[in-house]
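The values are calculated or read from the model by the stated rules, or taken from the named source; none is laboratory data. Source: prediction; values computed, not measured. In this analysis, Cβ positions are derived from the backbone assuming ideal geometry, glycine residues included, and neighbour counts consider all displayed protein chains.
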């Protein structure tokens, strides 16, 4: 089991921190709030059960989940965060492509390519319109990036209006001459497919087709299929609209397209690694009619408050967040429920268990427990919160996010990737030490994890934020636990991400306890944590002052 130190030991740590980090002293009473396994397990087993039908956005299971979270927040003693309500409305447009009612094809060299929806490509409207008539030239734009600070522009001289842009995901690799370009081996936000869709819309494009590879996307084609071909897709109804066609194609389909257009995909990929790259018009077009079922709906974030005890600091807040949604019910045959036990019934349950303890042991600053909607649809719930915060952003000290907790077992370490951008990094290290843990070694963020979870919405608003990860230096059963952790990759976003009553939840409790301890340190510190000098997100907060 993981080590919980006594209040006396934590008091000693606080004294040492006062010397090393005088601005951020650890609270002597933080360990009084002890996260318990029983409520965490109880919440997890229910949230991941078939009764909630995979907690789908815009589905009955999602409605039941919001009601459950609302009632549990009340039972835990949290105060409503939105006036007299625990709910924050999130206006969403839902889109489901109708390929059987559509007649659209990629035509190259005068011939329609044999492209099967789901198997070879997927698409959906990004502007929430039910019908589109397409006759658009295809243009390869490399990585589809415009980054002035890198001296990079993949759109050089291109009038993208009315065109469908074909592009790679990820971002340019570092070179011997430029080892630090685009964050070296780590992925930048420019590499995320969400950025690429947004940039294409800013350029006036009619559509975007992303080329998928397992390596560049960091997941297999089945993840794309489940999210795009078999499910309704969503976007914020009151945000900027996207292009008329957004989609993906497999690497094999892309190779057929480029060959039919008289181009060598591998040569163009290599050319796109240099900043001198210019867009290449393909001898191909997207032609035909696309149809989709479109609706608008209201989803809800759920938020509750533990008021602070300090007369001045209580006007500031620490936010703990987790997304309650998963992928809901899909299909009509076999197992149709994507239970999402690890992703993210675990984080949702962890937050509930934490809230129960925090309400009994309030800190100097107020603490908000926020369960956000529609993360699986592109961080929509957290983006909606950041656009209309329930607590002023300038008075929000930090966001600590939980997304997929450690179901394997207790570890000797804890993941704090992303915390190094701010003073939260030093505070996280101190919290880990107090719990007898080490901080997991930093690794290049190859998959762009910092841009893929709800904390990113807060970071973009200038709020110090990161997601607390589980450890991997197992306390016991190292070989078996490594195999267990590895096996989960095959269950990610699949119907068999289901709760197992035999799970050892000590790792989940450990991760939740660390997050609560760190949040309490932030809540009791005399000063809010700051961004490191020069960080792009730090400039957002500085500009707001």
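Only residues that are modelled with pLDDT of 95 or more and assigned to a helix (DSSP H, G or I) were counted in region 368-386, giving 8. Within region 101-109, is there a residue that is more than 12 Å from residue 302 (Cα to Cα), modelled with pLDDT under 95, touching a strand residue (DSSP E or B) at 6+ places or on another chain (Cβ under 9 Å) and surrounded by fewer than 21 Cβ atoms within 10 Å (Cβ to Cβ)? Taking every residue of region 101-109 in turn, at least one turns out to be more than 12 Å from residue 302 (Cα to Cα), modelled with pLDDT under 95, touching a strand residue (DSSP E or B) at 6+ places or on another chain (Cβ under 9 Å) and surrounded by fewer than 21 Cβ atoms within 10 Å (Cβ to Cβ). Checked against (1) touching a residue at least 60 places away in the same chain (Cβ under 8 Å); (2) at negative phi; (3) surrounded by 20 or more Cβ atoms within 10 Å (Cβ to Cβ); (4) assigned to a loop (DSSP other than H, G, I, E, B), residue 138 passes all but a single condition, namely (4).
In this structure, residue 200 does not satisfy being in a loop (DSSP other than H, G, I, E, B) and buried (at least 22 other Cβ atoms within 10 Å of the Cβ). Within region 379-398, is there a residue that is farther than 30 Å from residue 544 by Cα, touching a helix residue (DSSP H, G or I) at 6+ places or on another chain (Cβ under 7 Å) and buried (at least 24 other Cβ atoms within 10 Å of the Cβ)? No, region 379-398 contains no residue that is farther than 30 Å from residue 544 by Cα, touching a helix residue (DSSP H, G or I) at 6+ places or on another chain (Cβ under 7 Å) and buried (at least 24 other Cβ atoms within 10 Å of the Cβ). Number of residues in region 230-267 that are touching a helix residue (DSSP H, G or I) at 6+ places or on another chain (Cβ under 8 Å) and closer than 30 Å to residue 89 by Cβ: the value is 11. Within region 468-488, does at least one residue satisfy the condition of being surrounded by fewer than 19 Cβ atoms within 10 Å (Cβ to Cβ), closer than 28 Å to residue 377 by Cα and without any contact (Cβ under 8 Å) to a residue 12 or more places away in the chain? For region 468-488, residues surrounded by fewer than 19 Cβ atoms within 10 Å (Cβ to Cβ), closer than 28 Å to residue 377 by Cα and without any contact (Cβ under 8 Å) to a residue 12 or more places away in the chain: present. If we scan region 211-225, do we find a residue that is surrounded by 16 or more Cβ atoms within 10 Å (Cβ to Cβ), in contact with a strand residue (DSSP E or B) (Cβ under 7 Å, 6 or more places away or on another chain) and in a loop (DSSP other than H, G, I, E, B)? So far as region 211-225 goes, no, none of its residues is surrounded by 16 or more Cβ atoms within 10 Å (Cβ to Cβ), in contact with a strand residue (DSSP E or B) (Cβ under 7 Å, 6 or more places away or on another chain) and in a loop (DSSP other than H, G, I, E, B).
Scan region 507-544 for residues that are surrounded by fewer than 18 Cβ atoms within 10 Å (Cβ to Cβ) and within 23 Å of residue 310 (Cα to Cα) and jot them down. Once the filter is applied, which keeps residues that are surrounded by fewer than 18 Cβ atoms within 10 Å (Cβ to Cβ) and within 23 Å of residue 310 (Cα to Cα), region 507-544 yields 526, 527, 530. Here residue 177 fulfils each of the conditions (1) over 17 Å from residue 448 (Cβ atoms); (2) assigned to a loop (DSSP other than H, G, I, E, B); (3) in contact with a strand residue (DSSP E or B) (Cβ under 9 Å, 6 or more places away or on another chain) apart from (3).
As a summary of the residue check, residue 184 satisfies the conditions (1) touching a helix residue (DSSP H, G or I) at 6+ places or on another chain (Cβ under 8 Å); (2) modelled with pLDDT under 95; (3) over 17 Å from residue 282 (Cα atoms) except for the one numbered (1).
Would you mention how many residues in region 94-132 are farther than 28 Å from residue 380 by Cβ and assigned to a strand (DSSP E or B)? Of the residues in that region, 7 qualify.
Taking residue 180 as the residue in question, decide whether it is surrounded by fewer than 18 Cβ atoms within 10 Å (Cβ to Cβ) and over 27 Å from residue 444 (Cβ atoms). Criteria not met by residue 180.
Per this entry, residue 73 is not counted among residues that are surrounded by 15 or more Cβ atoms within 10 Å (Cβ to Cβ), in a strand (DSSP E or B) and at pLDDT 95 or above. Taking the numbered list (1) in contact with a helix residue (DSSP H, G or I) (Cβ under 9 Å, 6 or more places away or on another chain); (2) over 27 Å from residue 367 (Cβ atoms) in turn, residue 511 passes all entries but (2).
Looking at region 387-491, what helices (runs of 4 or more DSSP H) fall wholly within it and have at least 2 residues that are in contact with a strand residue (DSSP E or B) (Cβ under 6 Å, 6 or more places away or on another chain) and under 24 Å from residue 367 (Cα atoms)?
On the way: elements: 424-434, 455-460, 478-487.
Where helices (runs of 4 or more DSSP H) fall fully within region 387-491 and carry at least 2 residues being in contact with a strand residue (DSSP E or B) (Cβ under 6 Å, 6 or more places away or on another chain) and under 24 Å from residue 367 (Cα atoms), they are 424-434, 455-460.
Across region 495-505, the qualifying residues are those that are buried (at least 16 other Cβ atoms within 10 Å of the Cβ) and under 24 Å from the mean Cα position of the chain (by Cα), and the one among them that is nearest to residue 329 (Cα to Cα) is 495. If you scan region 268-288, which residues turn out to be out of contact with any helix residue (DSSP H, G or I) (no Cβ under 9 Å at 6 or more places or on another chain) and under 22 Å from residue 114 (Cβ atoms)? Once the filter is applied, which keeps residues that are out of contact with any helix residue (DSSP H, G or I) (no Cβ under 9 Å at 6 or more places or on another chain) and under 22 Å from residue 114 (Cβ atoms), region 268-288 yields 285, 286, 287, 288. From the list 325, 315, the one residue that fits, being touching a helix residue (DSSP H, G or I) at 6+ places or on another chain (Cβ under 9 Å), surrounded by fewer than 18 Cβ atoms within 10 Å (Cβ to Cβ) and either touching a residue at least 40 places away in the same chain (Cβ under 8 Å) or within 20 Å of residue 57 (Cβ to Cβ) (or both), is 315. On inspection, residue 292 passes the criterion of being crowded, with 20+ Cβ neighbours inside 10 Å and either assigned to a loop (DSSP other than H, G, I, E, B) or modelled with pLDDT of 95 or more (or both).
Contact map, region 511-526: first residue without any contact (Cβ under 8 Å) to a residue 24 or more places away in the chain, second residue assigned to a helix (DSSP H, G or I) and surrounded by 24 or more Cβ atoms within 10 Å (Cβ to Cβ), Cβ cut-off under 7 Å, separation 6 or more or different chains; the map is empty.
Of note, residue 251 does not satisfy the criterion of being more than 29 Å from the chain's Cα centre (by Cα) and surrounded by fewer than 24 Cβ atoms within 10 Å (Cβ to Cβ).
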